[in-house]
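Asker: I'd like to ask some things about the structure below.
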Amino acid sequence: MTAIGDGATFIDVGHPYSYDLDLFGPFSLFQKVNRGHTSIGQARLAEWLQNPVDTASILHRQAAAEELAALTDWQHELRAYGAALKETPGQIARLSQWLQQPPVVVGHPWRQLALWAAPVLFVVAVGLWIFVWPWYMAFWLLLPAGLWLRQALDDVQRLHLQTGQVSDTLRHYADLLRQIEGQPFSSERMKELREQLHTGGTPASEAIRQLAYRVSQLDVRYNMFVFLLEFSVVWDLQQAYRLDKWKARYRESLPQWFEALAEVEALVSIGNLRLNHPGWSWPQVHDASQIEAIALGHPLIAAAKRVSNDLVMPTYGHIQLLTGSNMAGKSTWLRTVGTNMVLALAGAPVCASRLLLPQMQVYTSMRTQDALHESTSSFYAELKRLKFIIEAVEDPTKTAGRPVFFLLDEILKGTNSRDRHTGAKALIRQLMESNGAGIIATHDLELGAMEAVSDGRIENWAIEVAIANGQLVFDYRLKRGVSKSFNATHLMREMGIRISDDMVAE
Amino acid sequence: MNTIPDYATRASQFEHESERKQRRYERLAWMRLLAFILLVAGVILAWREALWWGGLSVTVAGIAGFAALIRRHGRLQEQAQHLQRLQLLNEYEARSLAHNDDSHW
């Protein structure tokens with residue numbers, strides 16, 4: 001039985017947001033959402049999380065997922081068939097390559113002649129051997145079969161390389177497709193996808209089962225006694241011919257069937273998320289440059305521990321500056337906003353009682369790291385990341401016209417306090433002048449002064465931490481203004497750094 | 001609004017059904033062995049005691065019947081495994097809701 005993947009193969013540190021928002025890997029959003037077992041279904045869900053989609057598609061996905069959420073038994077059956085799958089990487093890609101290859105037998109007159117001439121020669125040879133000739137004379141009649149096979153060997157080898165050992169995977173794909181074909185749907189998208197499985201004239205599950213059988217017959221080559229079949233009926237060519245005929249009939253349909261299966265699996269994942277979280281809501285995408293969220297929480301934090309906050313802000317030339325003590329939850333809030341936007345723009349429900357947002361492209365800079373192999377320091381890595389974001393904000397062609405919403409955590413942390421302050425101030429001004437919008441978390445409290453001279457385009461927000469009876473008390477609530485609490489000294493003392501009160505007073 | 005299924009109860013139902021199928025599968029394994037012995041004995045007897053067409057008929061019918069039994073046996077195993085997978089995925093959902101998303105199956 002296969003495990004549900006955590007999507008670690010989709011980790012991409014260069015992506016605008018996926019690495020910073022923990023979209024893939026252990027304890028990731030993908031792991032929470034994904035319920036697909038096929039490589040194509042998982043890749044489709046990953047693609048949805050990595051790329052925001054247009055509003056019409058969001059609505060279609062929402063309707064389909066809402067329908068699938070209600071079909072618990074059906075989606076569990078589908079997933080149980082998927083769990084039986086033991087797909088190895090690259091199988092489907094190799095099969096797709098095979099679709100593009102020219103036929104091995106059809107169109108080659110000598111090979112087509114061999115299909116019936118070789119068995120005839122074999123029967124004649126056996127007859128002559130029994131009744132007339134000694135065996136070594138009859139053996140000469142098998143020579144043409146050997147020559148035909150030799151002549152086609154390279155093509156057959158390539159064919160087998162592309163289709164070999166995929167039959168078991170295809171049988172399970174056929175089970176999944178049959179499950180989809182047998183279910184009437186009411187949502188527009190699910191109806192379209194089900195229709196797509198009948199494009200070849202035969203149900204997709206049936207045609208793929210045939211392909212699985214054909215491929216398994218070519219796998220007979222692995223058998224040590226296959227030479228008997230090769231010299232009697234040119235087995236390789238017979239199977240290649242059947243595969244040629246299958247391909248000629250279904251070449252156009254197979255990619256569509258895989259597309260449909262991938263999308264259904266991704267929709268089942270979203271439907272399951274909806275089913276398991278009835279308190280979450282479907283986001284609404286509107287045309288106004290404004291984001292409004294009520295009770296927005298982090299999807300990966302357990303409901304019992306989760307603290308939700310509201311968010312209302314323009315998404316055109318507007319920045320929220322978030323200050324707070326260490327461990328107050330600033331980074332978590334940035335990820336809360338980011339992951340919910342990603343879910344919303346992928347067509348999934350969000351961890352909020354209400355979310356209204358425009359079409360946007362999220363960009364983040366939160367987890368920049370040095371890279372020894374690139375001779376890059378962590379500061380330089382962050383500068384490169386900021387350049388990446390500035391370019392996206394200033395050049396709409398880089399985001400297909402989508403306004404950028406950025407989430408920046410502790411900008412320019414790798415340099416001295418004076419340069420950091422100067423740089424951060426300039427960056428905020430530049431992003432605002434380019435009509436970018438986003439949230440910037442910082443420890444630099446002096447940046448809070450920018451609100452007063454921003455004509456309302458910068459807002460100060462804070463998450464405070466209290467110290468009661470020598471213990472830190474976190475409430476993770478957003479409050480208007482600049483942070484007034486400091487806990488770093490307390491934390492450092494707890495970790496064994498001896499800081500006297502005199503030193504603090506200095 | 002949908003309500004969250006009781007995954008733990010569902011898992012236990014599937015576990016029960018899967019075990020029931022598995023027991024049937026194991027019983028049929030013994031029947032299969034018995035059928036094979038009877039088939040061999042029947043074929044030998046038929047060829048020895050009856051005319052050639054009688055022997056041939058028993059052989060063909062016996063092999064066809066035995067093949068059907070094997071197919072049925074295989075189907076039972078598939079059903080038991082399918083039910084077990086349903087049990088595991090419901091257990092996974094139950095753990096997931098308890099916020100142990102790391103628990104793979």
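The values are calculated or read from the model by the stated rules, or taken from the named source; none is laboratory data. All of these numbers come straight from a predicted model, not from anything done at the bench. Cβ placement follows ideal geometry from the backbone for every residue including glycine, while neighbour counts extend to all protein chains displayed.
Asker: Could you say whether any residue in segment B:45-54 is assigned to a helix (DSSP H, G or I) and either within 28 Å of A:Gly36 (Cβ to Cβ) or hydroxyl-bearing (Ser, Thr, Tyr) (or both)?
Answerer: First pass over segment B:45-54, keeping only residues assigned to a helix (DSSP H, G or I): B:45-49, B:52-54.
So of that shortlist, the ones also either within 28 Å of A:Gly36 (Cβ to Cβ) or hydroxyl-bearing (Ser, Thr, Tyr) (or both) come out as none.
The answer is no; no qualifying residue exists.
Asker: Also, I was wondering about something else. Among the listed residues A:Glu195, A:Glu188, A:Glu206, identify the single one that is within 19 Å of A:Glu77 (Cβ to Cβ) and surrounded by fewer than 18 Cβ atoms within 10 Å (Cβ to Cβ). Don't jump to the end; show me each part of the working.
Answerer: Values: A:Glu195 fails: within 19 Å of A:Glu77 (Cβ to Cβ); A:Glu188 fails: within 19 Å of A:Glu77 (Cβ to Cβ).
After ruling out the rest, the residue left standing is A:Glu206.
Asker: Something else: Looking for something more than 10 Å from chain A (Cβ to nearest Cβ), in contact with a Gly (Cβ under 6 Å, 6 or more places away or on another chain) and crowded, with 16+ Cβ neighbours inside 10 Å - is there at least one such residue anywhere in segment B:54-71? Break it down into steps so the answer makes sense when it comes.
Answerer: Taking segment B:54-71 and keeping what is more than 10 Å from chain A (Cβ to nearest Cβ), we get B:54-71.
Now drop any that are not in contact with a Gly (Cβ under 6 Å, 6 or more places away or on another chain), which leaves B:58, B:62.
If we keep only those that are crowded, with 16+ Cβ neighbours inside 10 Å as well, we get B:58, B:62.
Scanning segment B:54-71 turns up at least one residue that is more than 10 Å from chain A (Cβ to nearest Cβ), in contact with a Gly (Cβ under 6 Å, 6 or more places away or on another chain) and crowded, with 16+ Cβ neighbours inside 10 Å.
Asker: Determine the pairs where a residue that is among the acidic types (Asp, Glu), located within segment A:366-394, has a partner that is outside any helix (DSSP H, G or I) and at pLDDT below 85 with Cβ atoms under 7 Å apart, the partner being 6 or more residues away or on another chain.
Answerer: Cβ pairs passing all conditions: A:Asp370/A:Thr376; A:Asp370/A:Ser377; A:Glu382/A:Thr368; A:Glu382/A:Gly414.
Asker: Follow-up. Does at least one position in segment A:155-164 carry a residue that is surrounded by fewer than 16 Cβ atoms within 10 Å (Cβ to Cβ) and either in contact with a strand residue (DSSP E or B) (Cβ under 8 Å, 6 or more places away or on another chain) or within 15 Å of A:Glu230 (Cα to Cα) (or both)? Don't jump to the end; show me each part of the working.
Answerer: Filtering segment A:155-164 for residues surrounded by fewer than 16 Cβ atoms within 10 Å (Cβ to Cβ) gives A:157-158, A:161.
Among the residues that remain, those that are also either in contact with a strand residue (DSSP E or B) (Cβ under 8 Å, 6 or more places away or on another chain) or within 15 Å of A:Glu230 (Cα to Cα) (or both) are: A:157.
Yes, because at least one residue in segment A:155-164 is surrounded by fewer than 16 Cβ atoms within 10 Å (Cβ to Cβ) and either in contact with a strand residue (DSSP E or B) (Cβ under 8 Å, 6 or more places away or on another chain) or within 15 Å of A:Glu230 (Cα to Cα) (or both).
Asker: Follow-up question, since we're still on this one. Need the failing condition index for A:Lys398 against (1) out of contact with any helix residue (DSSP H, G or I) (no Cβ under 6 Å at 6 or more places or on another chain); (2) without any contact (Cβ under 8 Å) to a residue 12 or more places away in the chain, just the number.
Answerer: (1)
Asker: Taking only segment A:54-93 into account, find how many residues are basic (Lys, Arg) and modelled with pLDDT of 95 or more. Break it down into steps so the answer makes sense when it comes.
Answerer: If we filter segment A:54-93 for residues that are basic (Lys, Arg), which is where we start, we get A:61, A:79, A:86.
From what's left, modelled with pLDDT of 95 or more: A:61, A:79.
Residues meeting the conditions: 2.
Asker: So, in segment A:390-417, of the ones that are assigned to a helix (DSSP H, G or I) and small (Gly, Ala, Ser), which residue ends up farthest from A:Asn51 (Cα to Cα)?
Answerer: Step one: list which residues in segment A:390-417 are assigned to a helix (DSSP H, G or I), which gives A:390-394, A:396-399, A:417.
Next, from what is left, pick out any that are small (Gly, Ala, Ser): A:392, A:417.
Working: A:Ala392: 15, A:Ser417: 36 Å.
Here the residue is A:Ser417.
Asker: What is the residue count in segment A:181-225 for residues that are among the small types (Gly, Ala, Ser) and assigned to a helix (DSSP H, G or I)? Break it down into steps so the answer makes sense when it comes.
Answerer: Step one: list which residues in segment A:181-225 are among the small types (Gly, Ala, Ser), which gives A:182, A:186-187, A:200-201, A:204-205, A:207, A:212, A:216.
Restricting the remaining residues to those that are assigned to a helix (DSSP H, G or I) gives A:204-205, A:207, A:212, A:216.
Of the residues in that region, 5 qualify.
Asker: Report yes if A:Ala204 is at pLDDT 95 or above and touching a Ser or Thr at 6+ places or on another chain (Cβ under 8 Å), otherwise no. Before you say what the answer is, go through the steps one by one.
Answerer: Working: at pLDDT 95 or above: yes; touching a Ser or Thr at 6+ places or on another chain (Cβ under 8 Å): yes.
Taking the combined requirement at face value, the residue satisfies it.
Asker: Separate question: Go through segment A:418-458 residue by residue and tally those that are part of a helix (DSSP H, G or I) and without any contact (Cβ under 8 Å) to a residue 24 or more places away in the chain. Spell out the reasoning first.
Answerer: Within segment A:418-458, the subset part of a helix (DSSP H, G or I) is A:418-433, A:445-453.
Subsequent filtering for residues that are without any contact (Cβ under 8 Å) to a residue 24 or more places away in the chain retains A:418-419, A:422-424, A:426, A:429, A:449, A:452-453.
Total satisfying the criteria: 10.
Asker: Let me ask another. Quickly run through segment A:45-60 and pick out the residues that are farther than 18 Å from A:Gln361 by Cβ and surrounded by fewer than 22 Cβ atoms within 10 Å (Cβ to Cβ). Before you say what the answer is, go through the steps one by one.
Answerer: Filtering segment A:45-60 for residues farther than 18 Å from A:Gln361 by Cβ gives A:45, A:59-60.
Scanning segment A:45-60 gives A:Leu59, A:His60.
Asker: Take the residues in segment A:273-295 that are more than 14 Å from chain B (Cβ to nearest Cβ), out of contact with any Lys or Arg (no Cβ under 9 Å at 6 or more places or on another chain) and not hydroxyl-bearing (Ser, Thr, Tyr); name whichever of them is nearest to A:Phe30 (Cα to Cα).
Answerer: Of segment A:273-295, the ones more than 14 Å from chain B (Cβ to nearest Cβ) are A:283-295.
With out of contact with any Lys or Arg (no Cβ under 9 Å at 6 or more places or on another chain) added as a condition, the list becomes A:285-291.
From what is left, the residues that are not hydroxyl-bearing (Ser, Thr, Tyr) are A:285-288, A:290-291.
Working: A:Val285: 22, A:His286: 26, A:Asp287: 28, A:Ala288: 29, A:Gln290: 27, A:Ile291: 24 Å.
Filtering first and then ranking leaves A:Val285.
Asker: With the condition being in contact (Cβ under 8 Å) with a residue 24 or more places away in the chain, within 14 Å of chain B (Cβ to nearest Cβ) and not aromatic (Phe, Trp, Tyr), I'd like the helices (runs of 4 or more DSSP H) fully within segment A:61-131 carrying at least 2 qualifying residues. If you could, list the steps in order and put the result at the bottom.
Answerer: On the way: elements: A:72-83, A:91-100, A:109-131.
Those helices (runs of 4 or more DSSP H) span A:72-83.
Asker: Can you tell me which condition A:Thr163 does not meet? The list is (1) farther than 19 Å from A:Arg242 by Cα; (2) in contact with a helix residue (DSSP H, G or I) (Cβ under 9 Å, 6 or more places away or on another chain), and all the others hold.
Answerer: (1)
Asker: On the basis of being free of Cβ contacts under 8 Å to residues at least 24 places away in the same chain, within 14 Å of another protein chain (Cβ to nearest Cβ), part of a helix (DSSP H, G or I) and more than 15 Å from the chain's Cα centre (by Cα), does B:Thr3 make the cut?
Answerer: On the way: free of Cβ contacts under 8 Å to residues at least 24 places away in the same chain: yes; within 14 Å of another protein chain (Cβ to nearest Cβ): yes; part of a helix (DSSP H, G or I): no; more than 15 Å from the chain's Cα centre (by Cα): yes.
The answer is no for B:Thr3.
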